[in-house]
Amino acid sequence: MVRSAIASATLALALGVGLPAAQAQEKVVTIGAHMPLTGSLARSGQTFNEGMQVALRMCNAASPKVQVKVDVIDDESTPAKAVSAVEKLASSGSVAIIGGYGSNIVGPASDASDKLGKVYITAGAVSDELTQRGLKTFFRINNNAGYQKGIATLLIDLKPQAVSIIASTKEAPTLLAQGLEKDLAAKGIKVTVHKFDPAITDFKPIINKIKLQDKPDIIMMSAYENDYVGIIRAAKVLKPQVKLMVGTWSLATPKMYTEFPDLMNNVVGTSFLPFPVEVKSEEGRKFAAAYQDMYKKEIEYLATLSFVETTLLCEAIQRAAEAGTLDKGGLADEMRKTDRDTMLGRVQFDQTGDNPNFALSMGQHREGKIVLVSPKAAATGDIAYPAVPW
Amino acid sequence: MTELILQALFSGVLIGSVYALVALGLALAFGAMRIINLAHGELVLLAAYMAYLVESRTGLEPYAAIPLALAVVSAVSIALFMLVNMIRDHRELNSLILTFAIGIILTNAILLAFASDMRTTTSAFLQDAVSFGDVYAMRGEIIAFALSLVLMGLLWWWLKASWYGRAVRAVSSNRGAAMLMGINPTRIETVSFLVAGALASFAGVALYTMSVVQPAVGHALTVKAFIITVLAGVGSIPGVFLGAVLLGVTEALTVTLASSALQELAGMVLFLMVLFLMPNGLFGARARRG
């Protein structure tokens, strides 16, 4: 996939040689991307790559004067490889870097990028620490606060007496669990947090503790896809008397329902699109059509995140190139001028590079469809509550 | 609290039996050839993907994939053995490096062939809950437990009573002396790798029925199997089962009585304690002589 993308870009460049003089003025700018195309985060990386490729195709079509091509390096889901990828991309002429997935990988990679003076943007790292480092070249479109706000809004609206949070000890899930614990406790909700090592596969002992000791109304999963499957499967076996199972990223997706139909019904997760996909914006419709054309499938969560970050970077590059500031460190300034509506809502970057407007809706799996159930302003239907997958 | 501990013990025994199934093949190759096959987890993973392939393409239960898994994993095992057998110097160390590299190649081959999506059974039959009084399990876990016991018994019998089994033990004990007795060590080692591959096939299919698999889990399986092999002591088949169950129960009790975040740490502490107090493992050579 990466090879074909690079080959396409090379072919496009080669063909460009023979074009008329008017088109010979076209400027080609190279950006770099490090993605976890192999290793434990490969699924996320490959989907990110798809969203990025579609964004570049659309961005280049919209502004033919400045064409942006991407060199992609597989960081193999490891921080050391990500750092070396950034150094290699920078030395081969990339003007900016699109980051990979995971705060522990994005952290050192963006540090390296900052030292090399390259703008770095990510949609796959939500740790608060990343924006507290004072980097002038770091930007991201999503953050822990947005996820926390989306989930806390739903949980508080449901007025449960007790919530049990099952949280992976990885950085982002831990941070989210801590924030939710604080938000819910402030509303008088009893919260019990159960942390788990990402290596574990049998969640029955945790679910049994929740069933016999916590007796909550809601189980909240701050975890990743393979954890959700293990947790819900264990809950299906032990059947705790809860009213709802709620999760976070990559849960309320059509793919999860397609692959695990017996486990997903009525489960709630963060989302920004209902399914069947109803994209309201013109840009969203074009993205969905281009994605279908290139990858023969419906757009999904991670691809959309990647699409948005790449589009914003591409537009900033085109603005800087047209203003003649691209080679003079003007890209970071152009990034800071970003203020536009996207498929994720309005995106701006504050002084730390964070997007203060980021917030997500909550979607509920309902017999193969995903209904947006919270917040009320974005809802496409009422929540089924109490409702569990078993 | 009693109910909690009973469930933890039950879950620990069930997960331990699958750990044992995964570790058996590694223990056999280690015992017979003094080769730590660091690609063993990837062989298990390959079998799990065969189960996925059969279930997703035919709609059959995952256990119907065992013949395919046996064929594919055995073929890869033989290829692996042929490569290992080409090593002439420092066999133990060089085989570690070689099998580690093969593990990486296999992981990425699986990634290319099956993508990075996680896979697990969708069989309602295997996912159904089964209760024994106050304790619960998935039907898939009970079947995997029974399979583990049966295979353990068969392997025990094979090593004790069959000519090939005795030859494996002879080569393991003294390769030179075994040659003098008319045993062809290469043939016996080939058979050991084949049997280890067969065990990995069953383990992979069982794992697919009760857990989530994705290309990256192969390495973790190898580490777990290695811990169990060392816990058990080289060459002890019952030791593998008991070591695996001990590890499973320790992990489950840690989750129940302390925190699930400490589960992996508890397993490693157990491993270090056993190494410190009983360097030959729980059922290693010295213990058995005693």
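The values are calculated or read from the model by the stated rules, or taken from the named source; none is laboratory data. Just so it is clear, the structure is predicted and the values come from calculations on it, not from any experiment. All Cβ positions, even for glycine, are placed from backbone atoms using ideal geometry, and neighbour counts span all protein chains on display.
Checked against (1) free of Cβ contacts under 8 Å to residues at least 12 places away in the same chain; (2) within 14 Å of another protein chain (Cβ to nearest Cβ), residue B:154 passes all but condition (2).
For the stretch B:85-97, does any single residue satisfy the condition of being touching a strand residue (DSSP E or B) at 6+ places or on another chain (Cβ under 9 Å), of a type in the set (Asp, Glu), free of Cβ contacts under 8 Å to residues at least 24 places away in the same chain and surrounded by fewer than 16 Cβ atoms within 10 Å (Cβ to Cβ)? Checked the stretch B:85-97: no residue is touching a strand residue (DSSP E or B) at 6+ places or on another chain (Cβ under 9 Å), of a type in the set (Asp, Glu), free of Cβ contacts under 8 Å to residues at least 24 places away in the same chain and surrounded by fewer than 16 Cβ atoms within 10 Å (Cβ to Cβ). Test of understanding: among A:382, A:350, A:341, A:333, which residue is of a type in the set (Asp, Glu), at negative phi and in contact (Cβ under 8 Å) with a residue 60 or more places away in the chain? A:341 is the lone residue from the list that is of a type in the set (Asp, Glu), at negative phi and in contact (Cβ under 8 Å) with a residue 60 or more places away in the chain. A search for C-beta distances below 9 Å between a residue of the stretch B:126-138 that is within 19 Å of residue B:51 (Cβ to Cβ) and facing another protein chain (nearest Cβ under 9 Å) and any residue that is in a strand (DSSP E or B) and not hydroxyl-bearing (Ser, Thr, Tyr), counting only pairs 6+ apart in sequence or on different chains, returns B:127/B:138; B:128/B:138; B:138/B:129; B:138/B:130. When the stretch B:107-125 is filtered for residues that are more than 10 Å from every other protein chain (Cβ to nearest Cβ) and surrounded by fewer than 21 Cβ atoms within 10 Å (Cβ to Cβ), the ones remaining, listed by number, are B:109, B:113, B:114, B:125. Summed over the stretch B:239-278, the residues that are closer than 13 Å to residue B:25 by Cα and of a type outside the set (A, V, I, L, M) give a count of 1.
Give the residues of the stretch B:240-256 that are buried (at least 24 other Cβ atoms within 10 Å of the Cβ) and away from every other protein chain (no Cβ under 14 Å), sorted by residue number. Those that are buried (at least 24 other Cβ atoms within 10 Å of the Cβ) and away from every other protein chain (no Cβ under 14 Å): B:240, B:241, B:243. Every test in (1) under 20 Å from the mean Cα position of the chain (by Cα); (2) over 17 Å from residue A:302 (Cβ atoms); (3) among the small types (Gly, Ala, Ser); (4) within 14 Å of chain B (Cβ to nearest Cβ) is passed by residue A:281 save one, and that test is (4).
Residues are listed down the side, and each one gets a yes or a no for (1) modelled with pLDDT of 95 or more; (2) hydroxyl-bearing (Ser, Thr, Tyr); (3) farther than 21 Å from residue B:266 by Cα:
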{"position": "A:148", "(1), (2), (3)": "no, no, yes"}
{"position": "A:157", "(1), (2), (3)": "no, no, yes"}
{"position": "A:164", "(1), (2), (3)": "yes, yes, yes"}
{"position": "A:172", "(1), (2), (3)": "no, no, yes"}
{"position": "A:175", "(1), (2), (3)": "no, no, yes"}
{"position": "A:179", "(1), (2), (3)": "no, no, yes"}
{"position": "A:194", "(1), (2), (3)": "no, no, no"}
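Only one of the numbered conditions (1) in a helix (DSSP H, G or I); (2) facing chain B (nearest Cβ under 8 Å) is violated by residue A:202, and that is (1).
Can we say residue B:142 is in contact with a helix residue (DSSP H, G or I) (Cβ under 9 Å, 6 or more places away or on another chain) and over 26 Å from residue A:232 (Cα atoms)? Answer is no for this residue. Given the criteria assigned by TED's automatic domain parsing to the domain that holds residue A:34 and surrounded by fewer than 24 Cβ atoms within 10 Å (Cβ to Cβ), does residue A:92 qualify? Against the criterion (assigned by TED's automatic domain parsing to the domain that holds residue A:34 and surrounded by fewer than 24 Cβ atoms within 10 Å (Cβ to Cβ)), residue A:92 qualifies. The single condition among (1) of a type in the set (Asp, Glu); (2) outside the structural domain of residue A:53 (by TED's automatic domain parsing); (3) farther than 30 Å from residue B:265 by Cβ that residue A:227 does not meet is (3). Checking every residue in the stretch A:63-85 against the condition of being within 14 Å of another protein chain (Cβ to nearest Cβ), of a type in the set (Lys, Arg) and without any contact (Cβ under 8 Å) to a residue 60 or more places away in the chain gives at least one match.
Scanning the stretch A:327-376 for residues that are in a strand (DSSP E or B), polar (S, T, N, Q) and over 17 Å from the mean Cα position of the chain (by Cα) returns A:364, A:374.
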